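Input: a single structure, listed below in structure tokens.
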Amino acid sequence: MKMKAGKIFLLLLCLNVITIGVIANPPTCDANLGEACSDSSEWQGEFFPGIPKIKYEGPSSKNPLAYKWYNKEEEILGKKMKDWMRFSVAFWHTFRGSGSDPFGAPTKYWPWEDGTNSVAMAKRRMKANFEFINKLGVDWWCFHDRDIAPDGKTLEESNANLDEVVALAKELQGTKIRPLWGTAQLFMHPRYMHGGATSSELGVYVYSAAQVKKAMEVTHYLGGENYVFWGGREGYQTLLNTDMGRELDHMARFFESAAAYKKKIGFNGTLLIEPKPQEPTKHQYDWDAATAANFLRKYGLEGEFKLNIECNHATLSGHSCHHELETARLNGMLGNIDANTGDPQIGWDTDQFLTDIGEATLVMLSVVRNGGLAPGGFNFDAKLRRESTDVEDLFIAHISGMDTLARGLRNVAKLIEDGSLAELVHKRYQSFDSELGAQIEAGKADFDMLEKKAFELGEPKVASAKQELAEMIFQSAL
């Protein structure tokens with residue numbers, strides 16, 4: 001009896017293993033294509049059959065595959081909406097996002113995937129990428145080098161893989177589409193466990209430089225308008241084993257070399273640093289916009305770099321996205337926005353699509369004050385939720401994010417046309433619109449002068465800040 005039970009258990013275990021194997025190896029082709037697709041790099045037909053080019057249908061539309069607020073040719077505040085926005089698709093989240101998390105396996109098995117990380121599969125993904133971009137109706141995309149082409153056994157092989165995929169991307173781009181920015185992935189491979197530019201190992205620093213050099217070259221070749229540095233592992237886990245001063249100096253030398261090479265190859269794009277406080281490191285050196293700006297000034301790099309502000313990173317650093325954008329803008333360093341958001345109940349970088357109309361309006365308020373973002377734009381550094389597994393969800397998520405920011409722009413136009421909020425701010429500081437105020441703002445009022453004025457003027461009157469009124473005015477535009 002025990003032996004029989006053991007055999008039954010073994011049979012069930014084998015069946016379970018077979019079932020897991022089937023789940024782990026999803027179909028490689030769209031079910032509607034029958035035998036038209038094989039394991040080769042060739043894909044027959046569309047990657048997104050049944051999904052048309054996304055068009056503007058207006059706020060009354062109930063069509064999930066249509067824009068309700070984003071009308072790219074419509075002019076608002078002197079510019080077409082497409083020129084305010086400059087929307088970009090993030091290749092890594094859109095085509096490499098698997099839905100996996102620290103507690104679960106991947107949930108997304110796109111029909112075109114064959115389960116490999118081969119060059120042939122990379123080229124197939126690239127074709128899917130451009131069909132998606134064309135159907136969405138945007139002109140920009142962003143990439144990490146190792147997301148679009150597989151890592152090789154050697155640097156030479158990695159470069160060759162990248163060249164092959166980039167050649168296809170160049171062909172598929174045509175004359176209209178190009179990268180908003182490119183970057184090098186200096187955080188996933190084990191060699192980067194101590195960082196890239198801030199690694200304690202000289203060999204890793206050297207390898208990082210070679211990888212960034214190549215990534216800058218292909219970004220330039222593809223007509224990219226910016227190049228981003230995100231230092232996910234440029235930081236520390238503990239100061240007990242870290243020479244922070246030396247690491248910061250090394251990072252500055254690395255950025256100096258990047259700025260010099262940009263000029264050498266004739267790349268006119270903007271170099272961007274993307275601040276983030278932590279994750280995966282305990283402390284990342286470009287913690288927030290103010291920290292990054294201070295770093296650039298300390299090392300004389302403020303004329304070479306601007307900032308790529310990510311909204312979810314802002315909240316991780318204890319700030320609002322609006323605060324980070326204003327900090328970057330006021331320092332003359334607002335270059336690009338990674339459009340996403342986090343969940344206030346979750347303490348990590350969830351990279352969700354921005355759908356909060358109020359936050360989008362504040363974001364667009366900074367963008368309008370900045371005069372736009374060009375040559376930067378809005379990159380959707382956002383991914384589908386783990387539980388969203390239909391191909392059409394990729395479109396729905398981007399449409400929602402684009403409509404949210406477009407609605408934010410329309411709200412800013414309302415606020416500017418109304419003028420009440422601007423007038424409230426002006427009145428709050430009107431005491432400085434005086435002879436003494438002008439002297440203070442020009443740096444011509446010393447403490448002796450101000451002491452005399454204090455005796456002369458006596459106890460100052462302090463007016464209400466009218467915060468609730470400001471919030472009422474803002475909410476009325478949403």
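The values are calculated or read from the model by the stated rules, or taken from the named source; none is laboratory data. On a predicted model such as this, the values are computed, not experimentally measured, just so you know. Cβ coordinates were reconstructed from backbone atoms using ideal geometry, including for glycine residues, and neighbour counts include every protein chain displayed. Side chains are part of the model used for accessible areas, which takes the heavy atoms of the whole protein and leaves out ligands, DNA and RNA. Shrake-Rupley method; radii C 1.70, N 1.55, O 1.52, S 1.80 Å.
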Sorting LEU296, LEU202, LEU240 on solvent-accessible surface, 1.4 Å probe, most exposed first, gives LEU240, LEU202, LEU296
If one compares the long axis through the Cα atoms of helix 155-173 with the longest principal axis of the Cα atoms of the chain, the angle in degrees, nearest 10, works out at 80
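Sum up the charges of everything whose Cβ sits under 11 Å from the Cβ of LYS264, counting Lys and Arg as +1 and Asp and Glu as -1, but leave LYS264 out.
Residues close to LYS264 contribute a combined charge of +2.
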Considering only DSSP beta bridges whose two residues both sit in the chain, what percent are antiparallel, to the nearest 5? 20
Contact order relative to length for the chain, counting C-alpha pairs under 8 Å separated by 6 or more residues, stands in percent at 14
Name the lysines eligible as straight-distance cross-link partners of LYS466: C-alpha to C-alpha under 22 Å, and not fewer than 8 places from it in the same chain. LYS414, LYS427
For SER431, the accessible surface traced by a 1.4 Å probe with all protein chains present amounts, in square angstrom to the nearest 10, to 80
Pulled fully out, how much extra length does the chain show between LYS79 and ASP343, if you take 0.36 nm times their separation in residues and subtract their Cα-Cα distance? 91.8 nm
Counting only protein chains, not ligands or nucleic acids, how are HIS194, HIS322 ordered by accessible area (probe 1.4 Å), most first? HIS194, HIS322
Inter-site label distance for LYS213 and SER98 at 7 Å from Cα along Cβ, in nm: 3.2
Whole-Hz couplings from phi, Karplus 6.51/-1.76/1.60, listed for the stretch 99-107; x for Gly and Pro: x, 6, 9, x, 10, x, 6, x, 10
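With only alpha-carbon pairs counted, each pair once and no self-pairs, how large is the Kirkwood hydrodynamic radius of the stretch 167-213 in angstroms?
Taking every pair of different Cα atoms in the stretch 167-213, averaging 1/r and inverting gives 12.5 Å.
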Applied in sequence order to the stretch 335-342, the curve 6.51 cos²θ - 1.76 cosθ + 1.60 (Karplus, θ = phi - 60°) yields integer Hz couplings, x standing for Gly and Pro, of x, 6, 10, 8, 7, 7, 7, x
Please arrange ARG178, ARG86, ARG253, ARG428 by accessible surface area, largest first, computed with a 1.4 Å probe and ligands excluded. ARG428, ARG253, ARG178, ARG86
Using label points projected 7 Å from each Cα along Cα→Cβ, tell me how many nm separate ASP448 and GLN475, to one decimal. 5.2
What does the charge add up to near HIS189, with Lys and Arg as +1, Asp and Glu as -1, over the other residues with Cβ less than 11 Å from its Cβ? +2
For GLU310, enumerate residues with amide H under 5 Å from its amide H, sequence gap 5+ or separate chain, H modeled in the peptide plane. ASP338
Out of the total accessible area of the stretch 316-360 (probe 1.4 Å, heavy atoms of protein only), what percent is carbon and sulfur? 49
Charges at C-beta only: +1 for Lys and Arg, -1 for Asp and Glu. How large is the resulting dipole of the chain about its Cα centre, in Debye rounded to 20? 720
With at most 14 neighbouring Cβ atoms within 10 Å, loop chymotrypsin sites (Phe, Trp or Tyr not before Pro) (DSSP) excluded, longest segment of the chain: 104-347
Relative contact order for the stretch 109-163: what is it in percent, counting Cα pairs under 8 Å that are at least 6 residues apart? 28
So which GluC sites (Glu not before Pro) in the stretch 150-235 are both in a DSSP loop and have at most 16 other Cβ atoms within 10 Å of their Cβ? GLU201
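Which entries of LYS55/LYS170; LYS80/LYS383; LYS214/LYS282; LYS53/LYS127 have Cα-Cα distances beyond 19 Å here?
Those over the limit are LYS55/LYS170; LYS80/LYS383; LYS214/LYS282.
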Say each of ALA167 and ALA105 gets a label point 7 Å from the Cα, pointing the same way as Cα to Cβ; how far apart are those two points in nm? 3.7
Enter the angle in degrees (range 0 to 90, nearest 10) between the Cα long axis of helix 357-369 and the first principal axis of the Cα atoms of the chain, meaning the one along which they spread out most. 60
Calculated from backbone phi, Karplus (6.51, -1.76, 1.60) coupling profile of the stretch 278-294 in Hz, x at Gly/Pro: 6, 6, x, 6, 5, 9, 9, 5, 9, 3, 8, 4, 5, 5, 5, 5, 5
Where Lys and Arg each count +1 and Asp and Glu each count -1, what net charge lies around PRO64 among other residues with Cβ under 12 Å from its Cβ? -3
Interchain or long-range residues, amide H under 5 Å from LEU271's placed H: TYR227, LYS306
For the stretch 388-478, what is the relative contact order in percent, using Cα pairs closer than 8 Å and at least 6 residues apart in sequence? 45
